[in-house]
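Let me begin by presenting the structure, written as structure tokens, before commenting on it.
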Amino acid sequence: METPTGKRRLDTRTVRDYIRTIVDFPHEGILFRDVTTLFADARGFRMAVDQLLTPYAGEPIDKVIGLEARGFILGGAVAHQLSVGFVPIRKKGKLPGSVISQAYALEYGEAVMEMHDDALRPGDRVLIVDDLLATGGTAVAGISLCERLGARIVGCTFVIELPELGGRKALESLGHEVNALTAFEGA
């Protein structure tokens, strides 16, 4: 960035500065943390990807797991940086071929995540990536799918954490390392 005098100024923005909040979306009382503004900015997106993988520099990782849907964007970029494969975990019915499934609880009901039954080999070391850690339900389902195929979870990394919703505690109680680039109070 340049000052009005033409001198270069250090950009001190953080990943959090690129995330906008949308009030009352998807319904009243919700503060939606929108990462599309982070993705749309080349510097912000690069910063987020670099910071997501930094804690795992030097760790042997075989695959990056991206949780539907924004985890695909982040996970693909992280996998590219690590020069490893990428595996999507999707909502039920979105993957062709033979899959394994895992149900998990939602606020009002249940959802199901799936992955191809041949996506991982026993002993694969995987990094789970998503944009948001709230209750941890999606991540726990993803971990379960990976472990059922014999993979070892190296860590779980997120752009945003909503600490009040307990996702970190849920993942750590299963023995998994959790990293988040920023946290927002409130649901």
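The values are calculated or read from the model by the stated rules, or taken from the named source; none is laboratory data. As the structure is a computational prediction, the values presented were derived from the model and not from experiment. Positions of Cβ are backbone-derived with ideal geometry, glycine not excepted, and every protein chain shown enters the neighbour counts.
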* Asked: What is the one condition in (1) out of contact with any Leu (no Cβ under 8 Å at 6 or more places or on another chain); (2) in a strand (DSSP E or B); (3) of a type in the set (S, T, N, Q) that residue 54 does not satisfy?
  -> (2)
* Among what's in region 49-89 and is of a type in the set (Gly, Ala, Ser) and touching a strand residue (DSSP E or B) at 6+ places or on another chain (Cβ under 6 Å), pick the residue that is farthest from residue 11 (Cα to Cα). => 85
* Structure fact -> Only one of 25, 45 is farther than 30 Å from residue 110 by Cβ and either among the aliphatic types (A, V, I, L, M) or touching a Phe, Trp or Tyr at 6+ places or on another chain (Cβ under 6 Å) (or both), namely 45
* To do: Out of 46, 13, report the one residue that is basic (Lys, Arg) and assigned to a loop (DSSP other than H, G, I, E, B).
  => 13
* Matching residues, region 159-187, being small (Gly, Ala, Ser) and either modelled with pLDDT of 95 or more or crowded, with 18+ Cβ neighbours inside 10 Å (or both) -> 166, 167, 170, 173, 175, 180, 183
* Asked: Under 6 Å by Cβ, and 6 or more places apart or on different chains, what pairs join a residue from region 143-156 that is touching a residue at least 40 places away in the same chain (Cβ under 8 Å) and farther than 11 Å from residue 101 by Cα with one that is part of a loop (DSSP other than H, G, I, E, B) and of a type in the set (A, V, I, L, M, F, W, C)?
  -> 149/120; 151/120; 154/61
* **Subset of region 86-136 that is outside any loop (DSSP other than H, G, I, E, B) and of a type in the set (D, E, K, R) - its residue that is farthest from the chain's Cα centre (by Cα)** => 110
* Does at least one position in region 126-134 carry a residue that is in contact with a strand residue (DSSP E or B) (Cβ under 9 Å, 6 or more places away or on another chain) and without any contact (Cβ under 8 Å) to a residue 60 or more places away in the chain? -> yes
* Yes or no: residue 21 β-branched (Val, Ile, Thr), part of a loop (DSSP other than H, G, I, E, B) and out of contact with any Gly (no Cβ under 8 Å at 6 or more places or on another chain)? -> no
* Asked: Using beta carbons and a limit of 7 Å, which pairs, at least six apart or on different chains, have the first residue in region 56-77 and of a type outside the set (Lys, Arg) and the second one part of a loop (DSSP other than H, G, I, E, B)?
  -> 61/84; 62/84; 62/124; 64/84
